[in-house]
Amino acid sequence: MGYFDTVIGQDTIKEQLTELVQRQVLPHSLLFYGESGLGKLDMAFGLASTLVGRPVFSSHKGHAYLEQTAEARLANGESQKKIDAEGLPLYMDKGDVFWLRPMKQTLKVEQWYSLLQDHLNVAGNGNRVVIVEDFHTANAIMANAMLKTIEEPPAYAVILLLAENPDILLPTITSRCVTLRLKPVSDEEMKDYLMHQMHVPDYQAEIEASFAQGNIGKAK
């Protein structure tokens with residue numbers, strides 16, 4: 001199984017990223033954008049896995065990883081309600097891949113400072129990959145805090161930003177990233193996915209593929 005196998009469609013982007021990694025010329029800052037449900041997070045996980053040579057944050061958008069993390073926090077006496085409402089400032093996979101998710105629907109500057117102080121600015125930890133989910137939820141303080149690192153990224157770090165609409169992001173950030181747009185998948189790819197991975201009957205898969213309009217999230 002390849003690291004990008006959880007990404008449905010988007011073959012051109014997957015091929016481009018694989019070639020850049022193989023040639024060791026991958027940019028240090030990339031922006032994946034497109035509507036919710038097209039697989040931006042899966043794409044980021046796939047690229048991070050390719051860079052470190054192992055699957056990161058489990059498969060299926062990290063759901064298994066998040067469940068394990070919640071269970072570990074419960075074992076430490078933290079309430080499930082708090083876990084669901086806030087999440088963690090930073091999720092880590094073996095100390096070299098980091099995943100920032102919005103807390104209370106917003107990315108907070110404290111999350112970035114924690115990452116910098118405890119991980120990115122620490123020498124000797126090897127290559128590191130940072131995934132920032134729903135970057136469009138970051139306020140100006142968070143975005144400006146990230147700007148300096150994106151302008152002058154450490155040689156050992158790759159930063160992956162995920163957003164729905166790049167037009168609402170700081171131009172100073174988007175101009176320093178290689179931007180890759182995820183597009184709706186074809187009806188044929190959607191039907192194949194529904195039939196072979198979700199086990200939907202042929203006649204039903206064709207109808208659902210049409211209604212999903214190229215969006216895997218809607219199909220699921």
task: Kindly list, by first and then second residue, each pair from a residue in the range 13-28 that is within 17 Å of Leu161 (Cα to Cα) to a residue that is surrounded by 12 or more Cβ atoms within 10 Å (Cβ to Cβ), limited to pairs with Cβ atoms under 6 Å and residues at least 6 apart or on different chains.
output: Ile13/Leu180; Lys14/Phe4; Leu17/Leu47; Leu26/Leu20; Pro27/Val178; His28/Pro153; His28/Val158
query: Does Ala205 count as closer than 20 Å to Leu90 by Cβ, in a helix (DSSP H, G or I) and without any contact (Cβ under 8 Å) to a residue 40 or more places away in the chain?
result: no
- request: Determine whether Val122 is closer than 20 Å to Gly37 by Cβ, in a loop (DSSP other than H, G, I, E, B), among the β-branched types (Val, Ile, Thr) and open to solvent by less than 60 Å² (accessible area, probe 1.4 Å).
  value: no
query: Quick one: is Ile168 of a type in the set (Val, Ile, Thr), surrounded by fewer than 16 Cβ atoms within 10 Å (Cβ to Cβ) and within 21 Å of Leu90 (Cα to Cα)?
result: no
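Quick one: would you say Lys183 is under 16 Å from the mean Cα position of the chain (by Cα) and more than 23 Å from Pro102 (Cβ to Cβ)?
Yes; evaluated as a whole, the condition is true for this residue.
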task: Could you list all residues from the range 1-26 that are open to solvent by 80 Å² or more (accessible area, probe 1.4 Å) and of a type in the set (S, T, N, Q)?
output: Thr12, Gln16, Gln22, Gln24
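Restricting to the range 27-57, what's the tally of residues that are open to solvent by 30 Å² or more (accessible area, probe 1.4 Å) and more than 18 Å from Val185 (Cβ to Cβ)?
The number of residues fulfilling the criteria is 8.
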field: Boolean, Leu160 is in a strand (DSSP E or B) and either under 17 Å from Met92 (Cβ atoms) or open to solvent by 70 Å² or more (accessible area, probe 1.4 Å) (or both)
entry: yes
- prompt: So which residues in the range 195-220 are buried (at least 16 other Cβ atoms within 10 Å of the Cβ) and within 16 Å of Leu38 (Cβ to Cβ)?
  reply: Ala209, Ala212, Gly214, Asn215, Ile216, Lys218, Ala219
- request: Only residues that are part of a helix (DSSP H, G or I) and closer than 20 Å to Thr149 by Cβ: list them for the range 18-45, please.
  value: Ala44
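The values are calculated or read from the model by the stated rules, or taken from the named source; none is laboratory data. Everything numeric here is computed off the predicted structure, so don't read it as measured data. In this analysis, Cβ positions are derived from the backbone assuming ideal geometry, glycine residues included, and neighbour counts consider all displayed protein chains. The area values use the complete protein model at the heavy-atom level, side chains included, leaving out ligands, DNA and RNA. Shrake-Rupley method; radii C 1.70, N 1.55, O 1.52, S 1.80 Å.
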